[in-house]
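J.: Got a structure here, written out as structure tokens. Questions coming.
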Amino acid sequence: MKKVLFSVFILIISTTAHSQNKYKVSLIGFYNLENLYDTVNNAMVDDEEFLPNSERRYNSRIYKDKLERLSTVISQMGTDVNPDGLAILG
């Protein structure tokens, strides 16, 4: 009788332990990079104000600084919820 009760107890415990699914959170983020222009003129894109000879004096230093700041922000997105950050960026 003790063996039967012990077997039933083990069966109940193992079933309960396996039925408690733990889910890992995966994050999807969105960031508008529409205004990310480089310093090379492209006839297919309206980017004249982001060229070195424009009124803004947009140059490679400004472009690299912008890339660094954007990469920092994007890499930190969602790290308050999941230490791995985003799974997908759109």
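The values are calculated or read from the model by the stated rules, or taken from the named source; none is laboratory data. Predicted, not measured: the structure shown is a model, and the values here were computed from it. Counting neighbours? That spans all protein chains shown, and the Cβs are built from the backbone with ideal geometry, glycine included.
J.: Taking the range 54-90, which residues are surrounded by 14 or more Cβ atoms within 10 Å (Cβ to Cβ) and not in a loop (DSSP other than H, G, I, E, B)?
T.: Correct list: 62, 63, 66, 74, 86, 89.
J.: Is at least one residue of the range 46-53 closer than 30 Å to residue 24 by Cβ and surrounded by 12 or more Cβ atoms within 10 Å (Cβ to Cβ)?
T.: The answer is no, given that none of the residues of the range 46-53 is closer than 30 Å to residue 24 by Cβ and surrounded by 12 or more Cβ atoms within 10 Å (Cβ to Cβ).
J.: Failed condition for residue 32, given (1) surrounded by 10 or more Cβ atoms within 10 Å (Cβ to Cβ); (2) modelled with pLDDT of 70 or more, with all others met?
T.: Unmet for residue 32, out of (1) surrounded by 10 or more Cβ atoms within 10 Å (Cβ to Cβ); (2) modelled with pLDDT of 70 or more: (1).
J.: Across the range 10-29, which residue is farthest from residue 86 (Cα to Cα) among those that are of a type outside the set (A, V, I, L, M, F, W, C), modelled with pLDDT under 85 and in a loop (DSSP other than H, G, I, E, B)?
T.: This residue is 20.
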